[in-house]
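K.L.:
I have a structure here, written as structure tokens, and I will follow up with some questions on it.
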Amino acid sequence: MKKLLSVLTLVVMIICVMPLKTQALSAASAVVIGGDTGEIIYSYNANTRLSMASTTKIMTGLILCERGNLDREIIVTAPMVAVEGSSMGLRAGDKISLRDLLYGLMLASGNDAANAIAIALGGTIEGFADMMNEKAAELGLKNTHFVTPSGLDADGHYTTAYELALIAKCALENEEFAKAVSTKNITLSYGTGQHYLSNHNRLLSSVDGVVGVKTGYTKKSGRCLVTAYKNDGKFIICVTLNDPNDWADHKALINIGVSAIEDVVLEPTVDKLEVQLLGGVQKSLLLNFENTSLAMVNSGEITCQINLPEVLYAPLSEGEKIGFVSYYKDGNLILTEDIRAPYDVPQKNYKNSEKLMMLFKQILSAV
């Protein structure tokens, strides 16, 4: 196994942040996190397990975008539409693409779209729920469990405000998902004709900077809402569960998040680093490191770790990934950036004996 060259430094942020005022909310549970870092900016009962209604569809949409070919067309079956509640108007026999199902899922909050996606990808509702729970485990979620793809109430179907925010953060990293949830309305063709779908999230139209994500409601869960806000380099995600005054509460939570974060300069461990290079026309590769910035709460201890092999091997192409830089805040990963070769390094033309020696060195270094 190749050894890694790791350089670690500690930068203490000494700028203080005034404590956030306690916000009077109607929600049973709430959280605001940084959309880039995942750090908690505000929380209230954020780790309490609660049902989450149609905000469940964030996970359903994420799995669809990650595992489904959105251009694939399916034929809607009777079991797909045998579901109560909100609908995008599917009927058995309709031909529709997975991409159109994504929009029906996230704009119209179609339970029929959720079931169609589940059966198309998982074979059964239960099979797709397994996929959802596997993804939750992959994200490290300990207080989330899925039973339905739509969010209709079921025993054992729950999450927390904090973990739902993390699911939304992951989903928004997918371009197709982010595009869908930021769409205010769309006209789709399926079944017998055209269908006009309007996004249930009224904050998309009433608050500049809101780019999603999902509404939800059942009698058991109450009103649930996940909001993503991006503006002026600031990115936050707000979640409330069981909140009868969610629209107003999210406007207040957006203000809390925006006022708490700012661009923070992240400094790498070193300005320059020289790495040994074998088999090339030069014996080493000189790497230059520059500062970067990230919108986050400006307090805490920032560490930087540079990860590179002890030895690089030619040939190298400009832009080729050769390592990565990781930044941590209070021990939690907040940013990873690739280290790439700054220029081409051709392979040296060796004689036969030199080639054998080089091969021998490579074998030893890999042991």
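The values are calculated or read from the model by the stated rules, or taken from the named source; none is laboratory data. Please read all numbers here as calculations on a predicted model, not as lab measurements. Every residue, glycine as well, gets a Cβ built from its backbone with ideal geometry; the counts of neighbours run over all protein chains shown.
K.L.:
Would you kindly identify the helices (runs of 4 or more DSSP H) lying entirely within the range 67-178 that contain at least 3 residues that are under 17 Å from Thr218 (Cα atoms) and touching a residue at least 12 places away in the same chain (Cβ under 8 Å)?
P.N.:
Working: elements: 78-81, 98-106, 111-122, 125-138, 161-172.
It comes to 111-122.
K.L.:
From the list Val7, Val32, Val12, Val83, which one is in contact with a Ser or Thr (Cβ under 8 Å, 6 or more places away or on another chain) and at pLDDT below 95?
P.N.:
Step by step, each of Val7, Val32, Val12, Val83 is checked, and only Val7 is in contact with a Ser or Thr (Cβ under 8 Å, 6 or more places away or on another chain) and at pLDDT below 95.
K.L.:
Would you pick out the residues in the range 189-199 that are under 28 Å from Leu253 (Cα atoms) and either surrounded by fewer than 17 Cβ atoms within 10 Å (Cβ to Cβ) or at pLDDT below 95 (or both)?
P.N.:
Ser198
K.L.:
Run Lys321 past the list (1) in contact (Cβ under 8 Å) with a residue 40 or more places away in the chain; (2) in contact with an Asp or Glu (Cβ under 6 Å, 6 or more places away or on another chain); (3) over 30 Å from Ile261 (Cα atoms) and report the number of the one that doesn't hold.
P.N.:
That leaves (1) as the condition not met.
K.L.:
Looking only at the range 98-124, which residues are farther than 21 Å from His200 by Cβ and either crowded, with 19+ Cβ neighbours inside 10 Å or touching a Phe, Trp or Tyr at 6+ places or on another chain (Cβ under 8 Å) (or both)? Before you say what the answer is, go through the steps one by one.
P.N.:
Taking the range 98-124 and keeping what is farther than 21 Å from His200 by Cβ, we get 119-124.
Answer for the range 98-124, where residues must be farther than 21 Å from His200 by Cβ and either crowded, with 19+ Cβ neighbours inside 10 Å or touching a Phe, Trp or Tyr at 6+ places or on another chain (Cβ under 8 Å) (or both): Ile119, Ala120, Leu121, Gly122.
K.L.:
Looking at the range 270-294 only, could you name the residues that are buried (at least 17 other Cβ atoms within 10 Å of the Cβ) and touching a helix residue (DSSP H, G or I) at 6+ places or on another chain (Cβ under 8 Å)? First the steps, then the outcome.
P.N.:
Of all residues in the range 270-294, those buried (at least 17 other Cβ atoms within 10 Å of the Cβ) come to 273, 275, 277, 279-280, 285, 287, 289, 294.
Gly279, the sole residue that qualifies.
K.L.:
To continue, here is another question. Among the residues of the range 200-239, write down those that are assigned to a loop (DSSP other than H, G, I, E, B) and either touching a helix residue (DSSP H, G or I) at 6+ places or on another chain (Cβ under 7 Å) or more than 20 Å from Gly104 (Cα to Cα) (or both). Let's see the steps before the verdict.
P.N.:
Restricting attention to the range 200-239, the residues satisfying the condition of being assigned to a loop (DSSP other than H, G, I, E, B) are 200-202, 207-209, 219-221, 232-233.
Across the range 200-239, the qualifying residues are Arg202, Val207, Asp208, Gly209, Lys219, Lys220, Ser221, Asp232, Gly233.
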